[in-house]
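**Q** Dropping a structure here in structure tokens format, bear with me for questions.
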Amino acid sequence: MEDPKNFILPPNSYNEKFSITLTNDYLIKRQKIFSLATILISSLGTLLAATLLCIYRDISIQIIFISIIMYCLTMLGIEVGFHRYFSHGAFQTNNFIKTVFIILGSMAVQGPVVFWVSEHRQHHAYTDKQGDPHSPHLEGGIKGLWYAHIGWMFDNKVTNFTVFANDLLHDKTIVKINKMYLYWVSLGLLIPAVLGGLLTSTLMGIWQGFLWGGLVRIFLAHHATWSVNSIVHIFGTNPFKTQDFSKNNIWLVFPTLGGAWHNNHHAFPTSAKAGLYWWQIDFGYWFIRILELSRLVFQVKVPSKEIIELKKVQSS
Ligand SMILES: [Zn+2]
Ligand SMILES: [Zn+2]
């Protein structure tokens, strides 16, 4: 039987010699400006798109199609790339797929991969305790929910990358692609605009592609991912009694592409599979399976039925 520890230990990339957060004024200011800009621009864009839709009642099937495809690809970049691969090492892959994951994840505009991974590993190291960058339980109530969803990006702390993402900082490919973050963000707006123009053969198609496939898509992906930090650490079921408040939340499984099987994930952080049973739909894992069958990813970590049941028995 496989060693259960393979699925409960965090990646061996921590460097505990340093403080887990930085209080450098320049970095704090930069993080706040980036967070505010991305939240405001995507929210205002969504408001504008919704208002125009109410007034003109005009959106083509091509624009809807482009937006859905862009959403799925960039959320796969986040859930499969940034989360299961870069944060947890749930499988191995080559430099090409690594690069594609960083580009797709960056287009979701949730910060560069090194930032995302550092924050997320810090969350796993201190889940729902002092040191968790976005737990809803440190404050509680609506205030805690707001903090876990958005407020955490504006506190006066920046996660120390050298503590939590030391391995990424030693990978030249990752560092190089990470530095080009703003190019990938721009590409994520340009692609749907160009496709909108080409598929509808209208100037309006360019504008609607930018608005729906760009800004609205980013807005929706933001709130899907952040809901895992906030809502899914409060509401749902916890079949595994982990040392935290993580839950499985069936309502958020579709928009998070499987990420909302979050109690399962906290029980088995390095598993490529978040939906552990056949009925737990997990688009992220299906995508990993397709890549595995195409021999583009390998050494995919999946806990056996025995290990899952063992953990359940230990939990009860
Ligand atoms: Zn969590
Ligand atoms: Zn995780």
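**Q** Can you work out which of the residues in the stretch 63-91 that are more than 16 Å from ligand 1 (Cβ to nearest atom) and in a loop (DSSP other than H, G, I, E, B) is farthest from His222 (Cα to Cα)?
**A** Phe91
**Q** Are there any pairs, at least 6 apart or on different chains, whose C-beta atoms fall under 8 Å, with the first in the stretch 140-151 and more than 16 Å from His123 (Cα to Cα) and the second surrounded by 12 or more Cβ atoms within 10 Å (Cβ to Cβ), and if so, which?
**A** Trp146/Ser230
**Q** Report yes if some residue within the stretch 104-122 is of a type in the set (Phe, Trp, Tyr) and in contact with a strand residue (DSSP E or B) (Cβ under 8 Å, 6 or more places away or on another chain); otherwise report no.
**A** Here is the first cut: in the stretch 104-122, the ones of a type in the set (Phe, Trp, Tyr) are 115-116.
Cutting the leftovers down to in contact with a strand residue (DSSP E or B) (Cβ under 8 Å, 6 or more places away or on another chain) gives us 115.
Checked against the condition, which is being of a type in the set (Phe, Trp, Tyr) and in contact with a strand residue (DSSP E or B) (Cβ under 8 Å, 6 or more places away or on another chain), the stretch 104-122 yields at least one hit.
**Q** Now a separate question. Looking for whichever is more than 17 Å from Ala49 (Cβ to Cβ) and either buried (at least 16 other Cβ atoms within 10 Å of the Cβ) or in contact (Cβ under 8 Å) with a residue 40 or more places away in the chain (or both) here; the options are Ile218, Ile206, Ile177. Which one fits? Steps first, answer last, please.
**A** Working: Ile218 fails: more than 17 Å from Ala49 (Cβ to Cβ); Ile206 fails: more than 17 Å from Ala49 (Cβ to Cβ).
Only one candidate qualifies: Ile177.
**Q** Of a type in the set (A, V, I, L, M), in a helix (DSSP H, G or I), away from ligand 1 (no atom under 16 Å from the Cβ) and more than 18 Å from the chain's Cα centre (by Cα) - does that describe any residue in the stretch 98-111?
**A** Start the filter on the stretch 98-111 by keeping residues that are of a type in the set (A, V, I, L, M), which leaves 100, 102-104, 107-109.
Narrowing further to those that are in a helix (DSSP H, G or I): 100, 102-104.
Now narrow it down to the ones that are away from ligand 1 (no atom under 16 Å from the Cβ): 100, 102-104.
Cutting the leftovers down to more than 18 Å from the chain's Cα centre (by Cα) gives us none.
No, the stretch 98-111 contains no residue that is of a type in the set (A, V, I, L, M), in a helix (DSSP H, G or I), away from ligand 1 (no atom under 16 Å from the Cβ) and more than 18 Å from the chain's Cα centre (by Cα).
**Q** If Asn156 passes every condition in (1) more than 13 Å from ligand 1 (Cβ to nearest atom); (2) crowded, with 19+ Cβ neighbours inside 10 Å but one, which one does it miss?
**A** (2)
**Q** Out of the residues in the stretch 126-147 meeting the condition of being away from ligand 1 (no atom under 11 Å from the Cβ) and small (Gly, Ala, Ser), tell me which one is nearest to Leu40 (Cα to Cα).
**A** Only one residue fits best here, namely Gly144.
**Q** When Thr237 is evaluated against the numbered criteria (1) surrounded by fewer than 21 Cβ atoms within 10 Å (Cβ to Cβ); (2) free of Cβ contacts under 8 Å to residues at least 60 places away in the same chain; (3) more than 16 Å from ligand 1 (Cβ to nearest atom), which criterion, by number, is the only one it fails?
**A** Of everything listed in (1) surrounded by fewer than 21 Cβ atoms within 10 Å (Cβ to Cβ); (2) free of Cβ contacts under 8 Å to residues at least 60 places away in the same chain; (3) more than 16 Å from ligand 1 (Cβ to nearest atom), Thr237 misses just condition (3).
Quick note: the coordinates plus some simple rules give every number you see, no bench work behind them. What you are looking at is a predicted structure, and each value in this text was computed from that prediction instead of being measured. Please note: Cβ atoms are built from the backbone with ideal geometry, for glycine as well, and neighbour counts cover all protein chains shown.
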